[in-house]
Structures are given as C-alpha cells and as structure tokens.
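J.: My structure is below; once you've seen it, I'll send some questions.
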Amino acid sequence: MKKILQDLSFTETEELILSLGEKKFRAKQLFEGLTQGKAISEITSLSKDFKARLTEIYEDKPVRIKKTFFSSDGTEKYLFELADGNLIEGVLMKYKYGFTQCVSTQVGCRMGCKFCASTLNGLVRNLTAGEILSQILVVNALHKKDAAGLGGEARAVTNVVLMGSGEPLDNYENTVKFLKNVTASEGLNISARNISLSTCGIVPKMYELAEENVPLNLTVSLHATDDGTRARTMPIAKAYKIDEILKACEYYFEKTGRRYYFEYTLIEGENCDDEHAEALVKLLKGKPCHVNLIRLNEVKERNLKALGDKAAYRFLGKLEKGGLSATLRRQIGVDIGGACGQLRANYLEKEKDYVMEFYKK
Ligand code: SAH
C-alpha cells in the first residue's frame, strides 16, 4: 500500500516538499488542495510532473465514496472504499446550525459488543489519521454548495463524532493524530468542542487523552449500571470496572473543564427496568455529565430486542426526575440501514451472496 499524504500536518507537508527539492510555497498549494478534498491529481496549481512524482509514493485519493444512501429525513449514509479495497461507513446528519459527520476509526472492531454489527467479523485493520480525515474531506467536497449557505465557508461539516465503526481508543495514535490535524488552524479548523469521541471505556487511554490538549466531548458507552450486567454485552467490562471509568471521566473533567457523556442503549429485559433507572441515578447523580439514551438498532445476527417507545420515555422520565441531565436520542436514518457496521455487514453479505450465485452458475 502507498503512503497517505493526508496523514501529515501542515508542517510535515512543508518538510516533505523541501525534502523533494521543491519550493516551500508548493506545500501550501498541496495542503490547501487536499484540505478541499481533492485527489493529488486534481490539484491544478501543481505541475503534472510533480503530481506524478507524488502519486508514485502517495495514494492519489485514499478514501472514495462507493455508495450513498439517502434517508427521507435528509440523513446520508456513505459506504467508503479505501485504497486497499476495504470498506468503512459514515453518516452525515444535517442540522440547521451545520452538518455532523460520524466517522469510522477502524475497519471492523475487536471489542466484541454483543449488540454491535461492526464487530461481527472482528478487526481487519486500523485506519490511519489521514484515512479518518479523508472521510470528512470527501463529504465536504460533495457538499460544497450546501456550505455556501452556511456563511459562505467551504466547510459543510461543522461537527464530528467518532462513533462509526471501530474503537477510537484501540487505535489511539492514529486517532489523536487525526484529532490534532482536524482541529489545526491550517486545516479544517474544527473546534474540539464540536468533536465527540465515543469509547467503550479503555480506561488508561482515557487518562492519556486528557493530556492531549484536545478538549473534546468524551463519551463512554455505559449500557449498564453494574459490572456483571455490563459484561454480558460488553467484553471490555471484564478489563475495566464502571468505578474506574467514572474516575477517568472525573479526571477528564478536571483536566479539560468539559463535562462528559454516557451512552446507554436500551435493551429490553437487560438494562432498562425501573430498578436500572434508579441505579443509574444513584451512579451519576451530581456528576458533570449527560446521559444519551439510545434505542437499540436490532442487528439480525444478534438476539437482542429494542425497548418500546413508551417504556423508553418512562425510563427517560425516571432519570430526569432523579435529577440527571438526559435525552433520548432521536432516531435518524433508520430507513437506510441503522447502526454502526450494519451497512458494511449488509454489503459484505450481499457480495457473498453474489459470489455464491456466481459459483452456482
Ligand atoms: N467503539 C465506540 C464507538 C461505537 S459506536 C464505543 O464503543 O463507544 C457509538 C455507539 O453506538 C456506542 O455507544 C455503541 O455501543 C452504540 N451501538 C452500537 N451498535 C448499536 C446498536 N445496534 N444499537 C444501538 N446502539 C449501538
């Protein structure tokens, strides 16, 4: 596989350009072109010869949109293809104040959560920083026109959530490099406040993240109020206890001044009876945090059931009455293939069927 130019910061791009014997200002032209989502070969300010030299070493375009799915609510879901043919997915949610893009950090995932489709075939590989960034670059380029209406900037994507396939803290170095590059003023310049990172709770990495000077919205997938219940759906719970997670969150708050978030997916008969709501209140009351309740997106390979709407609102009411800040996440894009990893899993399955059909003939 060739190298990925979008992995580099502006300073690193300058160093590269000088090492290739080119003038320094070429770095700006190159970096700007890439930031606009162009392939190397599409940057018109650079000479053909120089572009040919670059594309010998670097991927011309590390992430391409293979397929787009449009939801009736405006949400768009993308199947991205990487240079080595691997597939990842992402979602774009359109709000009045701007667009939020959900990005993937790994091909597959090795965390093994029982409700999640990303993990069905395990981890294939980590994404590089540039492959994470390029997901945003290509979507920005696609929506340039919409961005014009958002104050004239060529930046459609204003908010980023690391909630696609993969566990960001299991791909720590690349994820942090991405975070530094995407928030850099020479690059997309997205404020850390507009970025949310969701983790299943890899405690030592949560502490490390607090030291990176990227004060983002740290979100932990809790999904249970005691370690035993949590371990039934989340294998990581055997390594790190809820107590340790709460301490790491508290540290993150002290260090960054940012309140933290919990995701709590409602799974019928598992974690959402009245007693669980009470336990959640007891666990989190008085802490500088917010709870996002999520409706389970039923994955057909898994035998877990979503909680009905009425019961979900009852659960939310219990949390609010207990004094927690909580919301029930609006379901978006359900008509285009739901939660993390479902799109890729469906696609891979269809490919498999196709291949089987092919051999039958
Ligand atoms: N690896 C990170 C990011 C995962 S995706 C993490 O574990 O936090 C973001 C959220 O969606 C997580 O809270 C995850 O637990 C949740 N999720 C995954 N599959 C889901 C499904 N089928 N239905 C509802 N939520 C799901």
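J.: Cβ-Cβ distance below 9 Å, separation of 6 or more or different chains: which pairs start in segment 311-328 with a residue that is in the same structural domain as residue 269 (by TED's automatic domain parsing) and end on one that is exposed (fewer than 14 other Cβ atoms within 10 Å of the Cβ) and among the aromatic types (Phe, Trp, Tyr)?
T.: Note: pairs meeting the criteria are 328/313.
Okay, residues lined up against (1) open to solvent by 50 Å² or more (accessible area, probe 1.4 Å); (2) within 24 Å of residue 176 (Cβ to Cβ):
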site: 16; (1), (2): no, yes
site: 20; (1), (2): no, no
site: 27; (1), (2): no, yes
site: 53; (1), (2): yes, no
site: 58; (1), (2): no, yes
site: 84; (1), (2): yes, yes
site: 91; (1), (2): no, yes
site: 99; (1), (2): no, yes
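J.: If you don't mind, another one. What residue, among those in segment 35-63 that are assigned to a loop (DSSP other than H, G, I, E, B) and under 25 Å from the mean Cα position of the chain (by Cα), is farthest from residue 81 (Cα to Cα)? Talk me through it step by step, then tell me what you get.
T.: Narrowing segment 35-63 to residues assigned to a loop (DSSP other than H, G, I, E, B): 36-39, 43-47, 59-62.
Among the residues that remain, those that are also under 25 Å from the mean Cα position of the chain (by Cα) are: 36-39, 59-62.
Details: 36: 19, 37: 15, 38: 16, 39: 14, 59: 13, 60: 13, 61: 10, 62: 8 Å.
Per the stated criteria, the residue is 36.
Okay, residues lined up against (1) near the ligand (Cβ under 10 Å from one of its atoms); (2) closer than 28 Å to residue 211 by Cα; (3) in a helix (DSSP H, G or I):
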| site | (1), (2), (3) |
| --- | --- |
| 270 | no, no, no |
| 275 | no, no, yes |
| 283 | no, yes, yes |
| 292 | yes, yes, no |
| 298 | yes, no, no |
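J.: Residue check: is residue 316 modelled with pLDDT of 95 or more and open to solvent by less than 80 Å² (accessible area, probe 1.4 Å)? Walk me through how you get there before you give the answer.
T.: Values: modelled with pLDDT of 95 or more: yes; open to solvent by less than 80 Å² (accessible area, probe 1.4 Å): yes.
Yes: the conditions hold for residue 316.
J.: Now for a different question. How about segment 196-231: which of its residues are polar (S, T, N, Q) and part of a helix (DSSP H, G or I)?
T.: Within segment 196-231, the first condition is being polar (S, T, N, Q), and the residues that meet it are 196, 198-199, 213, 217, 219, 221, 225, 229.
Passing the criteria: only 229.
J.: Against the condition open to solvent by 20 Å² or more (accessible area, probe 1.4 Å), within 14 Å of the ligand (Cβ to nearest atom) and in a helix (DSSP H, G or I), how does residue 193 come out, does it pass?
T.: On the way: open to solvent by 20 Å² or more (accessible area, probe 1.4 Å): yes; within 14 Å of the ligand (Cβ to nearest atom): no; in a helix (DSSP H, G or I): yes.
Against the criterion (open to solvent by 20 Å² or more (accessible area, probe 1.4 Å), within 14 Å of the ligand (Cβ to nearest atom) and in a helix (DSSP H, G or I)), residue 193 does not qualify.
J.: Of all residues in segment 247-271, count the ones that are open to solvent by 20 Å² or more (accessible area, probe 1.4 Å), of a type outside the set (Val, Ile, Thr) and at negative phi.
T.: The qualifying residues number 11.
J.: Answer yes or no as to whether residue 222 is under 15 Å from the mean Cα position of the chain (by Cα), hydrophobic (A, V, I, L, M, F, W, C), within 16 Å of the ligand (Cβ to nearest atom) and crowded, with 24+ Cβ neighbours inside 10 Å. It would help to see each step written out before you state the result.
T.: Values: under 15 Å from the mean Cα position of the chain (by Cα): no; hydrophobic (A, V, I, L, M, F, W, C): yes; within 16 Å of the ligand (Cβ to nearest atom): yes; crowded, with 24+ Cβ neighbours inside 10 Å: yes.
Judged against the criteria, residue 222 is not a match.
J.: Kindly check whether there is at least one residue in segment 228-235 that is within 12 Å of the ligand (Cβ to nearest atom), within 17 Å of the chain's Cα centre (by Cα) and open to solvent by less than 20 Å² (accessible area, probe 1.4 Å).
T.: Step one: filter segment 228-235 for residues within 12 Å of the ligand (Cβ to nearest atom), giving 230, 233-235.
Imposing the further condition that a residue be within 17 Å of the chain's Cα centre (by Cα) reduces the set to none.
Within segment 228-235, none of the residues are within 12 Å of the ligand (Cβ to nearest atom), within 17 Å of the chain's Cα centre (by Cα) and open to solvent by less than 20 Å² (accessible area, probe 1.4 Å).
The values are calculated or read from the model by the stated rules, or taken from the named source; none is laboratory data. This one's a predicted model, so the numbers in the text were calculated from it and none came from an experiment. Virtual Cβ from ideal backbone geometry, glycine too; neighbours counted across all protein chains shown. These accessible areas exclude ligands, DNA and RNA; they are computed on the full protein's heavy atoms, side chains included. Shrake-Rupley method; radii C 1.70, N 1.55, O 1.52, S 1.80 Å.
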